[in-house]
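A.B. asks: Quick one: this structure, given as structure tokens, is what I'll be asking you about.
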Amino acid sequence: MILSFASSGAANWVLAGASLLAALAYGWVAVRASGTEAGQGRADSAGLLLLAWGAHLLALLVDVSGVGQALSGTRFGFAPALSTTVWLVLAVYMVESRFLPLPGVRRVLALMSAAAVLLALAFPGESRPLAGSPWAPLHWLLGLASYGLFGVAVLHAAMLNRAERMLRLLKPGSPNAGPVAPPLMPLLRLERLTFQFVGAGVAALSVAILLGWWFTPHWHWDHKNFLAVLGWLVLTGLLTGRKVFGWRGRRATRWLYFGALLLLLSYAGSRFVLEVVLQRHLAV
């Protein structure tokens, strides 16, 4: 018992230390973002962002693994799910920004990441035993992967909408024309990237839903499952509409935003209501 208590205390200290380090580093990156986007201190900011990202990963591993907890098994909830999603989006950004210009994104992602880390520290989730189907971990991983992929798609869709607005302002004779810089990434390339991430997210979500239906002995239409399937239908409809009817621009991004919102409400939203509002405990 003494050893378990000591292990729990050490794990909590590591979790708190890694979370606070990540939040502080993210905050400093956000403060310096305006100068780094122009090239000033960009290498230092990138190194600090990598440090924050690594500390964020350590906090997630300690939290989700449930190290030192009284009950053996994993620990998860709405806040770790959001924190993992933001971490995945940031991972894609860090890779993509080395090859493509992504102006104005670093500050937003750093602030979102800092908020997600602190939220997960405040609400670390609930312990869940490992008993159950051996396919359950794959179901959870694919679900989280789809969250991250759709998060990246939403980020690209927001940049796509912003680029379209900038192009309209650059048109000759536009009443709002002014000294607006042209978008640094070609519009078609940005649109193609957006829907590539949507397609990958739909594929991961499809397998996750099928696995959840397959290994759950008493699968039923609760809020989480209903919203997940509804989000899958919306996003699959988006891909179908783009292929068959050529949906583009704002119509396509609105479908994407709506589908991503449904998925956010599916797990993170329902878990938030249960854990925080109703303060109930329910298995994944």
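The values are calculated or read from the model by the stated rules, or taken from the named source; none is laboratory data. Predicted model only: the values in this text are computed from it and were never measured. Every residue, glycine among them, receives a Cβ derived from its backbone with ideal geometry; neighbour counts consider all protein chains shown. We work out accessible area using only protein heavy atoms, side chains counted, and drop any ligands, DNA or RNA first. Shrake-Rupley method; radii C 1.70, N 1.55, O 1.52, S 1.80 Å.
A.B. asks: Give me a count of the residues in region 121-137 that are modelled with pLDDT under 85 and not in a loop (DSSP other than H, G, I, E, B).
C.D. replies: We begin by selecting, within region 121-137, every residue modelled with pLDDT under 85; these are 125-137.
Checking which are not in a loop (DSSP other than H, G, I, E, B) leaves us with 126-128, 136-137.
Total satisfying the criteria: 5.
A.B. asks: Mind checking which pairs have a first residue in region 143-155 that is polar (S, T, N, Q) and a second that is buried (at least 24 other Cβ atoms within 10 Å of the Cβ), Cβ under 8 Å, 6 or more apart or different chains?
C.D. replies: So the pair list comes out as 146/201; 146/205; 146/263.
A.B. asks: Report, by residue number, each residue of region 227-247 that is surrounded by 16 or more Cβ atoms within 10 Å (Cβ to Cβ) and in a loop (DSSP other than H, G, I, E, B).
C.D. replies: 247
A.B. asks: Still on this model: May I ask you to list the residues in region 210-232 that are over 21 Å from residue 273 (Cα atoms), more than 18 Å from the chain's Cα centre (by Cα) and at pLDDT 90 or above? Quick ask: steps written out before the conclusion?
C.D. replies: We begin by selecting, within region 210-232, every residue over 21 Å from residue 273 (Cα atoms); these are 210-218, 232.
This time we only want the ones that are more than 18 Å from the chain's Cα centre (by Cα), so: 210-218.
Listed by number, the list holds a single entry, 210.
A.B. asks: Looking only at region 1-48, count every residue that is modelled with pLDDT of 80 or more, under 25 Å from the mean Cα position of the chain (by Cα) and not aromatic (Phe, Trp, Tyr) and tell me the total.
C.D. replies: 23
A.B. asks: Which residues, counting only those in region 91-115, are at pLDDT 95 or above and either touching a His at 6+ places or on another chain (Cβ under 8 Å) or of a type in the set (Val, Ile, Thr) (or both)?
C.D. replies: Of everything in region 91-115, just one residue is at pLDDT 95 or above and either touching a His at 6+ places or on another chain (Cβ under 8 Å) or of a type in the set (Val, Ile, Thr) (or both), namely 113.
A.B. asks: Condition check: at pLDDT below 90 and open to solvent by less than 50 Å² (accessible area, probe 1.4 Å). Does residue 268 satisfy that? Write out each step before concluding.
C.D. replies: Working: at pLDDT below 90: yes; open to solvent by less than 50 Å² (accessible area, probe 1.4 Å): yes.
The answer is yes for residue 268.
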